Ligand code: FAD
Ligand code: PHB
């Protein structure tokens, strides 16, 4: 078997890249360890930057997103029960975000694949990368007990944080930067209308909480919990009571309670692997970096990575020049580091750390007060939240 680009992982990064390459006439094959229902069923991101929406529009994959996605011009921050608004559109000359679940994005990407001749191998086991530092790499896997191998010109490692691609790079040639946070997010989905028409991020003495949504009738809520928290210790009533306490009286007054149909705990991590390339292997999305979900940046970074990577592969395919491929890692990392900084900052502003003292809590409250009163501070938050521009990063990179 032969293809131009072997893509490992059919998450948002892998499937968006596959659509971009296919549209440009570049052959690719996507290898996914799980089945479609599993990938599509994972409840994860909910907020799309305009950049991500534009990518899906350009691919002709945004019809349902345009119909069902919820455009948001702002969100609220609540600090110990007192709320103020971040007017995203007003502070950024009109930029907004769109609430549309990652599950819906995946459904749209998968639904369109067969008609476009896009090959996705689900249930690919034992995926392994070979000769990535040579000019003729290949990828092998097994399926239904049979072995397969595809020869390719390039490999895109889009297989998430626990994938095999990054692990195939010799440890001596990469630097890893990591922080694991001493808490996680317990998230629920419930078939009840949201408590507010916009998201509410809450910093409370008892810990962080977030009120989000998937539609006018489906709510997504999160609370900060300890890492060793037993999910059985969080029956729905306790989750609702905790949300009410942390989100504050305004939100509580409008919060409709109901049975949750999804409940899980996700750990929080900041992580970057540099460079995002080794030989013929290019990493994209969570395979190369992780952000805590507080800034809603993970899926959006995966989108900008694969946009840069697709552009570089298409240029190489047209002209034979490798210069865009050679710049891929630096170009992607310039955006990644700014999103890492923003997500780290917003996490520190809004969460209670087990080691934090009364001084640190007072500083958080003072920073909230500053944000509430300063247009400059709110502008800095807003322009990061809606997504920094794609172009120009290389001009600002440190020498
Ligand atoms: P993944 O989605 O992890 O996909 C990788 C794929 O590779 C998977 O399908 C996996 O099965 C497959 N794979 C793994 N190993 C192998 C292998 N060995 N062989 C073959 N295939 C393999 N981001 C946002 O932008 N906004 C948000 O609001 C947001 N909220 C979040 C909330 C939560 C609770 C969580 C957990 C995450 C959130 N994120 C958010 C982050 C976002 O979900 C991820 O950043 C995004 O899924 C990354 O996409 P990806 O394609 O790089 O990786
Ligand atoms: C979500 O709706 O899942 C969501 C929204 C905003 C975030 C993280 C997750 O920052």
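The values are calculated or read from the model by the stated rules, or taken from the named source; none is laboratory data. Predicted model, so just to flag it, every value in this text is computed and none were measured. Cβ placement follows ideal geometry from the backbone for every residue including glycine, while neighbour counts extend to all protein chains displayed.
Quick grid of which residues meet (1) within 16 Å of ligand 2 (Cβ to nearest atom); (2) on the phi < 0 side of the Ramachandran plot; (3) touching a residue at least 24 places away in the same chain (Cβ under 8 Å):
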site	(1), (2), (3)
88	yes, yes, yes
91	no, yes, yes
96	yes, yes, yes
104	yes, yes, yes
117	no, no, yes
128	no, yes, yes
133	no, yes, yes
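Take segment 223-254 and flag every residue that is in contact (Cβ under 8 Å) with a residue 40 or more places away in the chain and buried (at least 20 other Cβ atoms within 10 Å of the Cβ).
224, 225, 239, 246, 247, 248, 251, listed by residue number.
From the residues in segment 146-171 that are in a strand (DSSP E or B) and out of contact with any strand residue (DSSP E or B) (no Cβ under 6 Å at 6 or more places or on another chain), which one is farthest from residue 304 (Cα to Cα)? Talk me through it step by step, then tell me what you get.
Taking segment 146-171 first, the residues in a strand (DSSP E or B) are 146-151, 154-157.
Retained after the next criterion (residues that are out of contact with any strand residue (DSSP E or B) (no Cβ under 6 Å at 6 or more places or on another chain)): 146-147.
Values: 146: 35, 147: 34 Å.
Filtering first and then ranking leaves 146.
Of all residues in segment 135-145 being without any contact (Cβ under 8 Å) to a residue 40 or more places away in the chain and not in a strand (DSSP E or B), which is farthest from ligand 1 (Cβ to nearest atom)?
Only one residue tops the list, namely 136.
Within segment 333-362, can you find the residues that are touching a residue at least 40 places away in the same chain (Cβ under 8 Å), touching a helix residue (DSSP H, G or I) at 6+ places or on another chain (Cβ under 9 Å) and not in a helix (DSSP H, G or I)?
351, 352, 353
Specify which of the listed residues (46, 74) is buried (at least 17 other Cβ atoms within 10 Å of the Cβ), in contact with a helix residue (DSSP H, G or I) (Cβ under 8 Å, 6 or more places away or on another chain) and at pLDDT 95 or above.
On the way: 46 fails: at pLDDT 95 or above.
None of the other options fit; the residue is 74.
Are any residues in segment 67-88 in a helix (DSSP H, G or I) and in contact with a strand residue (DSSP E or B) (Cβ under 9 Å, 6 or more places away or on another chain), and if so, which ones?
Initial filter on segment 67-88 (in a helix (DSSP H, G or I)): 67-68, 88.
The answer is 68, 88.
Of everything in segment 317-326 that's in contact with a helix residue (DSSP H, G or I) (Cβ under 7 Å, 6 or more places away or on another chain) and surrounded by fewer than 18 Cβ atoms within 10 Å (Cβ to Cβ), which residue is farthest from residue 290 (Cα to Cα)? Outline the logic, then answer.
Just the residues of segment 317-326 that are in contact with a helix residue (DSSP H, G or I) (Cβ under 7 Å, 6 or more places away or on another chain), to begin with: 321-322, 324-325.
Retained after the next criterion (residues that are surrounded by fewer than 18 Cβ atoms within 10 Å (Cβ to Cβ)): 321-322, 324.
On the way: 321: 31, 322: 27, 324: 24 Å.
Among them, the one singled out is 321.
If I filter segment 286-297 for residues that are closer than 15 Å to residue 154 by Cβ and in contact with a helix residue (DSSP H, G or I) (Cβ under 7 Å, 6 or more places away or on another chain), do I get at least one hit? Full working, then the answer.
Let us first name the residues in segment 286-297 that are closer than 15 Å to residue 154 by Cβ, namely 287.
Remaining after also requiring in contact with a helix residue (DSSP H, G or I) (Cβ under 7 Å, 6 or more places away or on another chain): 287.
Yes: segment 286-297 contains one or more residues that are closer than 15 Å to residue 154 by Cβ and in contact with a helix residue (DSSP H, G or I) (Cβ under 7 Å, 6 or more places away or on another chain).
Kindly indicate whether residue 123 is within 14 Å of ligand 1 (Cβ to nearest atom) and at positive phi. Steps first, please.
On the way: within 14 Å of ligand 1 (Cβ to nearest atom): yes; at positive phi: yes.
So residue 123 fits the description; yes.
Among the numbered criteria (1) without any contact (Cβ under 8 Å) to a residue 60 or more places away in the chain; (2) within 16 Å of ligand 1 (Cβ to nearest atom); (3) crowded, with 20+ Cβ neighbours inside 10 Å; (4) farther than 14 Å from residue 266 by Cα, which single criterion is violated by residue 214?
Unmet condition: (1).
Among the listed residues 17, 31, 56, identify the single one that is modelled with pLDDT of 95 or more, closer than 22 Å to residue 212 by Cβ and touching a helix residue (DSSP H, G or I) at 6+ places or on another chain (Cβ under 9 Å). Full working, then the answer.
Numbers: 17 fails: closer than 22 Å to residue 212 by Cβ; 31 fails: closer than 22 Å to residue 212 by Cβ.
Every option except 56 fails the conditions.
Kindly provide the set of residues from segment 277-292 that are without any contact (Cβ under 8 Å) to a residue 60 or more places away in the chain and either more than 12 Å from the chain's Cα centre (by Cα) or more than 26 Å from residue 188 (Cβ to Cβ) (or both), ordered by number. Spell out how you get there, then give the answer.
Taking segment 277-292 and keeping what is without any contact (Cβ under 8 Å) to a residue 60 or more places away in the chain, we get 277, 289, 291.
Scanning segment 277-292 gives 277, 289.
Return the residue satisfying two criteria in turn: it lies in segment 363-381 and is over 17 Å from residue 80 (Cα atoms) and without any contact (Cβ under 8 Å) to a residue 40 or more places away in the chain, and of such residues it is surrounded by the fewest Cβ atoms within 10 Å (Cβ to Cβ). Lay out the reasoning, then the answer.
Here is the first cut: in segment 363-381, the residues over 17 Å from residue 80 (Cα atoms) are 374-381.
The next check asks that each one be without any contact (Cβ under 8 Å) to a residue 40 or more places away in the chain; those that pass are 374, 376-377, 380.
Details: 374: 11, 376: 9, 377: 14, 380: 15.
Residue satisfying both the conditions and the ranking: 376.
I'd like to know if segment 177-184 contains one or more residues that are more than 18 Å from the chain's Cα centre (by Cα) and in a loop (DSSP other than H, G, I, E, B).
no
Looking at 39, 30, 43, can you tell me which residue is within 30 Å of residue 128 (Cα to Cα) and either within 16 Å of ligand 2 (Cβ to nearest atom) or in a loop (DSSP other than H, G, I, E, B) (or both)? First the steps, then the outcome.
Values: 39 fails: either within 16 Å of ligand 2 (Cβ to nearest atom) or in a loop (DSSP other than H, G, I, E, B) (or both); 30 fails: either within 16 Å of ligand 2 (Cβ to nearest atom) or in a loop (DSSP other than H, G, I, E, B) (or both).
Just one listed residue meets the conditions, 43.
When you check residue 55 against the structure, is it away from ligand 2 (no atom under 16 Å from the Cβ), within 19 Å of the chain's Cα centre (by Cα) and either assigned to a strand (DSSP E or B) or over 20 Å from residue 158 (Cβ atoms) (or both), yes or no?
Working: away from ligand 2 (no atom under 16 Å from the Cβ): yes; within 19 Å of the chain's Cα centre (by Cα): yes; either assigned to a strand (DSSP E or B) or over 20 Å from residue 158 (Cβ atoms) (or both): no.
No.
In this structure, is residue 174 more than 19 Å from the chain's Cα centre (by Cα) and touching a residue at least 40 places away in the same chain (Cβ under 8 Å)?
Here the answer is yes, as residue 174 does meet what is asked.
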